[in-house]
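What follows is a set of notes on a single structure, which appears directly below.
The values are calculated or read from the model by the stated rules, or taken from the named source; none is laboratory data. Since we're looking at a predicted model, the values are computed, not measured. Don't worry about glycine lacking a Cβ; one is built from the backbone with ideal geometry, like all the others, and counts go over all protein chains shown.
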Amino acid sequence: MAFFNTNNKSKTDTTLHLNLIDFHPFETDLAPQVLSLVQEYQSRIPKQKPCGRDEFIALLSGIAALRKTPGIPGPDQISFTTLPRCASSEDEAICRAHLKQVFGITDKKSLLDFCQQEILCNRQYLDFVAFWEGHPPFSLEELDEQVLEFFKVARDFSAQFYHIVGHRGYLAWDISECMGHLRNGYACGLLKRNEFDDLAEYWLNQTHIFKNWVDFAASLVCGELYWDFRHNTKLPELNAGLNLYRRLVSILLDNDTAWGSGMWYVPSRD
């Protein structure tokens, strides 16, 4: 069962085109800060070691674990490689009330609707890339004036991250946030285990584009910045978001029981 019908066909090569069209990156200090994060960890990437499917799903939800959702055991109670469950019906009620109040999530449908409408960013990034590289998926003449203006501004904002994330774009942000919500929905019983597994499988299949957790972290942080920008966040507030997510991914990258372990899931080909 596919999570969403996004027709998301990213290129897996990292060779970036030299002759880009309408490529006008914003000049901010955001991209250099993300690049410094990558460089900080690039020289000490742990050797990749295999892990189980559930362990990997839990690791992909590392940011959600750090948020300590009400009613769900936090990383001080369970490991980053464990899929949590609420310990009692009271905790389930606390978690469900939180999901309803903050996100409007009350069941499987509203969970999927929230992710589809509020979280996903990478499809937009792939549209930008297609224009930069000379194979646009649609004509700009199809857009009305207001949409066209936002498209161009968003495209130029995203251009500053192109040399960092390439065709991986904001995919890690989509994966991390959606896996986090699936994790929470499963923990409090909004999703049955078979529903959780079916939905998580879509995102597991997307992770093949990343080489390691540093790769994943860079895409996640860039995606967070674009998500903030898309919601009208300006400088210096964007820097505040960047500082927060740099701290969060650094916690995971520095922890040898989390992303710093090098654990990575490779599906069986049997």
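See the values below:
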| item | result |
| --- | --- |
| Cβ-Cβ under 6 Å pairs, at least 6 apart or on other chains, region 125-144 side over 22 Å from residue 164 (Cβ atoms), far side surrounded by fewer than 19 Cβ atoms within 10 Å (Cβ to Cβ) and small (Gly, Ala, Ser) | 136/130; 137/130 |
| Residue among 232, 212 that alone is surrounded by fewer than 18 Cβ atoms within 10 Å (Cβ to Cβ), out of contact with any Ser or Thr (no Cβ under 9 Å at 6 or more places or on another chain) and in contact (Cβ under 8 Å) with a residue 24 or more places away in the chain | 212 |
| The listed residue being in contact with a helix residue (DSSP H, G or I) (Cβ under 8 Å, 6 or more places away or on another chain) and farther than 20 Å from residue 221 by Cβ, out of 94, 57 | 57 |
| Scope region 81-114; condition within 24 Å of residue 53 (Cα to Cα) and touching a residue at least 60 places away in the same chain (Cβ under 8 Å); matching residues | 81, 83, 84, 85, 86, 108, 111, 112 |
| Per-region count, region 205-216, residues more than 13 Å from the chain's Cα centre (by Cα), of a type in the set (D, E, K, R) and not in a loop (DSSP other than H, G, I, E, B) | 0 |
| Output for region 242-264, where each listed residue is assigned to a loop (DSSP other than H, G, I, E, B) and either small (Gly, Ala, Ser) or buried (at least 18 other Cβ atoms within 10 Å of the Cβ) (or both) | 258, 262 |
| Test for residue 88: is it of a type in the set (S, T, N, Q), modelled with pLDDT of 95 or more and exposed (fewer than 13 other Cβ atoms within 10 Å of the Cβ) | yes |
| Filter result (surrounded by 23 or more Cβ atoms within 10 Å (Cβ to Cβ) and under 18 Å from residue 210 (Cβ atoms)) within region 158-173 | 161, 165, 168, 169, 170, 171, 172, 173 |
| Which listed residue, of 229, 210, is of a type in the set (Phe, Trp, Tyr) and more than 16 Å from residue 176 (Cβ to Cβ) | 229 |
| Close pairs from region 38-64: first free of Cβ contacts under 8 Å to residues at least 40 places away in the same chain, partner not aromatic (Phe, Trp, Tyr), Cβ under 7 Å, at least 6 apart | 54/83 |
| Test: residue in region 182-204 that is at pLDDT 95 or above, part of a loop (DSSP other than H, G, I, E, B) and touching a Gly at 6+ places or on another chain (Cβ under 7 Å) | yes |
| Counted residues, region 27-45 - those being touching a Ser or Thr at 6+ places or on another chain (Cβ under 9 Å) and crowded, with 16+ Cβ neighbours inside 10 Å | 2 |
| Which listed residue, of 45, 57, is at pLDDT 95 or above and of a type in the set (Val, Ile, Thr) | 57 |
| Residue check, residue 201 surrounded by fewer than 18 Cβ atoms within 10 Å (Cβ to Cβ) and under 27 Å from residue 78 (Cβ atoms) | yes |
| Test for residue 176: is it surrounded by fewer than 16 Cβ atoms within 10 Å (Cβ to Cβ), among the polar types (S, T, N, Q) and closer than 29 Å to residue 23 by Cβ | no |
| In region 181-212, the residues that are charged (D, E, K, R), farther than 12 Å from residue 54 by Cβ and touching a helix residue (DSSP H, G or I) at 6+ places or on another chain (Cβ under 7 Å) | 195 |
